[in-house]
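Have a look at the structure below, then the notes.
Bear in mind these aren't lab numbers, they're just calculated from the coordinates by the rules spelled out. Keep in mind it's a predicted model, so treat the numbers as computed, not measured. Backbone-built Cβ (ideal geometry, glycine too); neighbour counts: all protein chains shown.
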Amino acid sequence: MLLIKNLKAEINGKEILKGINLEVKAGEVHAIMGPNGSGKSTLSAVLAGREDYDVTDGEVSFNNKDLLELAAEDRAREGLFLAFQYPVEIPGVSNVNFLRTALNEIRAYRKQPAIEAKDFLALIKEKQKLVELDGKLANRSVNEGFSGGEKKRNEIFQMAVLEPKLAILDETDSGLDIDALRIVAAGVNKLKSKDNATIVITHYQRLLDYIVPDFVHILYNGKIVKSGGKELALELEENGYDEIKKKYDTAAV
Amino acid sequence: MVTDKLTATHQLQEELTKSSGKAGFMPVHEIGLALQYLEEKGIPNAKHEDYKYCNIEAVLRKEFKTLSGKEIDADVTAIKKKYFLEGAYNIYVVNGKLLVNASETPERSDLLSIGGAPAEMLKKHLTKYAPANSDVLIALNTAYADRGMFLHITSVVEKPIAIHHINSAEGNLFFNTRNLIIVEKNAQVNITEFYHPADAKSFNNTVTEIFVGEHAHCNHTLIQDAGDKNYSVNATKVYQETYSNYTNMCFTFSGALVRNNLNTAIDGPFAEAHLWGLFVTNGTQLVDNHTLVDHLKPNCQSNELYKGIANGRSTAVFNGQIFVEKDAQKTNAYQSSKNILLSNDATVNAKPELEIYANDVKCSHGTSTGKVDENALFYLKARGIGEENARKLLLHAFAHEVISQVKNDRVKEKVSALFEQSLLS
């Protein structure tokens, strides 16, 4: 589904990603872990199509299309979804209106007719339950005045409505208490199928107790330095990132 | 230089003397004062601080050097069909003249052409809130106004009032229109003035004086969409008594030049003024909003929010003055202006001015001008919404804060539609 080869990217002339290789297949859950500043958020931003970053080398194919050639909105329409680490507040745009616009643009791209109003309402109701999102929040302005937990739940709610093929969760666990974490994780797990895939980007192992990954990758200094199964996350939890840093700092210099 | 200035002024006066009708409503001595003030100051150009960005003299020289053409009788049936607002008292005004027979008089109110207004009303109010020596365009209006409307509200008018302004003329004309709106003690009224698009090329110099008596409420909306052949200076001068409430909403969507001079003098305690503005400028348009809230008495509040979207090579100005006079203790006065630039060639000049002479007050002001929020734009695009729609959504959201304040749903619909349209041009 997603194939990343030797991806290099920089911002303001500073290289952040220094040759990422990763393959994600349908039905898989991948975790990307790493200390602060290792390039985790840059990777998700580059994949989602943020224009602040310059890709200097490498290629990314998504469903056999050149992802890097596509505008951000077309990546979303192809089925890529980024759950933001910091969801943006947009006063004046209602959550529901925003989602219906998004869903219909995605459907138009796939040559499907616009969704009927009553079908959309039913869909919203069903998906709200999934992340236990208060119905009132759906009618409010996008993320405006939402608590940290509500914002993250709103991300998963949007994901549930848009049904992406590949979801990238960027530090979705940051700022969440344990109850919110459980709700968010349960939502993600319910959305999992053999046809879609998930990349969980996180600093801590905590989230991976709830969303169990098939593969864990350690990102450090712009490269994936180690990959393994879910036990790698536990190892990291025990030893911290110091060991990784010690081992690869010398290599990097 | 001085002679230059007066040349333009004198030339306009000559033209106006030829083209203006005779009107007896303005006291002769006021006309005298006005002419004297005109002679002193001359038509403003860029050297006049108040008209720094709005060079009226240049416009006159370029577009209205000579006045020619004639007024054309409007097709009332067609106008009604086109503009009639459901659920409202509809009033039709052509080239500043009230169409008495076509218009509906609101319940327990008087609606007359200004020339027919009761002498004691004119004596009490006319020129009191817009004295000739406060502004050159007001002086010009005082000296040459030959048309206008008198609206006298004496109780609570339930249905909203829709005033439709239409220009119907050939050639290029200059209209000086003088309106007087009196909202008596305890009365309440909701007035929307529509400035509809016109094919006629004209300069409309309008002065509207509004009196809002004790405990009276006046909700006043202006929807300016007179089209790109129209030049207008609109002075709205409001006087407020104790416990009164005046709300002005000013929407500007088209017009080659639109200069709004909106003042309210809050001259009784516990009164409120709310000023809302939204403008979208395109092409080479110039929209210049000058507002002044004068707090004269204690325990009053004023609130002001102006929002603008500037596109093309247009220029927009917001100049918001708040005066808090010595007696106006416990004043709450807030002002904010927010602007979005859609093109690199558009300009917004925003200037808040607070002058506070009382010591126990709460006042604040703020202004910001920038581009569309890139983070929000990316967020929308990352959900599959295309660039154009994403921008539109954000601009709607920006405008919503003002548009949502419109009380009447039908008026709100009209405003929303015009806003939508103005984003496309």
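Per-structure values
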{"quantity": "For the stretch A:41-53, 3J(HN,Hα) per residue [Karplus equation, 6.51 cos²θ - 1.76 cosθ + 1.60, θ = phi - 60°, Hz, x = Gly/Pro]", "calculated": "6, 4, 4, 5, 5, 5, 5, 7, x, 5, 8, 5, 9"}
{"quantity": "Cleavage-rule hits (chymotrypsin sites (Phe, Trp or Tyr not before Pro)) in the stretch B:157-217: DSSP loop, at most 11 neighbouring Cβ within 10 angstrom", "calculated": "none"}
{"quantity": "MRE, 222 nm, helices only [DSSP H, n ≥ 4, -39500 (n - 2.57), over chain B, to nearest 500]", "calculated": "-7500 deg cm²/dmol"}
{"quantity": "Net charge over other residues, Cβ less than 13 angstrom from the Cβ of B:GLN421 (K, R count +1; D, E count -1)", "calculated": "-1"}
{"quantity": "Neighbourhood charge, 10 Å Cβ-Cβ cut-off, centred on A:LEU99 and excluding it, Lys, Arg +1 and Asp, Glu -1", "calculated": "+3"}
{"quantity": "3J(HN,Hα) from dihedral phi, the stretch B:333-343, Karplus parametrisation 6.51/-1.76/1.60, rounded to Hz, x for glycine, proline", "calculated": "9, 10, 8, 8, 9, 10, 9, 10, 9, 9, 9"}
{"quantity": "Sparse-neighbour loop sites [chymotrypsin sites (Phe, Trp or Tyr not before Pro); the stretch B:333-425; at most 13 other C-beta within 10 Å; DSSP]", "calculated": "B:TYR357"}
{"quantity": "Total formal charge among the other residues, if their Cβ is under 14 angstrom from that of B:CYS218, Lys/Arg +1 and Asp/Glu -1", "calculated": "-3"}
{"quantity": "Cα→Cβ-extended label distance, 7 Å offset, between B:SER336 and A:ALA26, nm", "calculated": "4.9 nm"}
{"quantity": "Residue-by-residue Karplus 3J(HN,Hα) for the stretch B:307-321, coefficients 6.51, -1.76, 1.60, Hz, glycine and proline x", "calculated": "10, x, 10, 10, 10, x, 10, 6, 10, 10, 10, 10, 10, x, 9"}
{"quantity": "Sparsely packed trypsin sites (Lys or Arg not before Pro) within the stretch B:316-425, loop by DSSP, other Cβ within 10 Å at most 13", "calculated": "B:LYS326, B:LYS371, B:LYS407"}
{"quantity": "Inter-part distance where the stretch B:355-425 and the stretch B:286-343 are each reduced to a Cα centre, Å", "calculated": "16 Å"}
{"quantity": "Zone residues, the stretch A:154-173, relative to A:LYS192, backbone N less than 14 Å from point 7 Å out along Cα-to-Cβ", "calculated": "A:167, A:169"}
{"quantity": "Label-point gap, in nm, between A:VAL212 and B:HIS196 - each point 7 angstrom along Cα→Cβ", "calculated": "7.2 nm"}
{"quantity": "Rounded FRET efficiency, nearest 0.05, which uses the C-beta distance separating B:ASP360 from A:VAL55 and R0 of 56 Å", "calculated": "0.40"}
{"quantity": "Residue-averaged beta-carbon neighbours from other chains (10 angstrom radius) around A:87-99", "calculated": "5"}
{"quantity": "Long-range amide H partners of A:LEU133 with built H, under 5 Å", "calculated": "none"}
{"quantity": "Within the stretch A:2-252: Cβ-based charge dipole about Cα centre, in debye rounded to nearest 20 (Lys, Arg +1; Asp, Glu -1)", "calculated": "560 debye"}
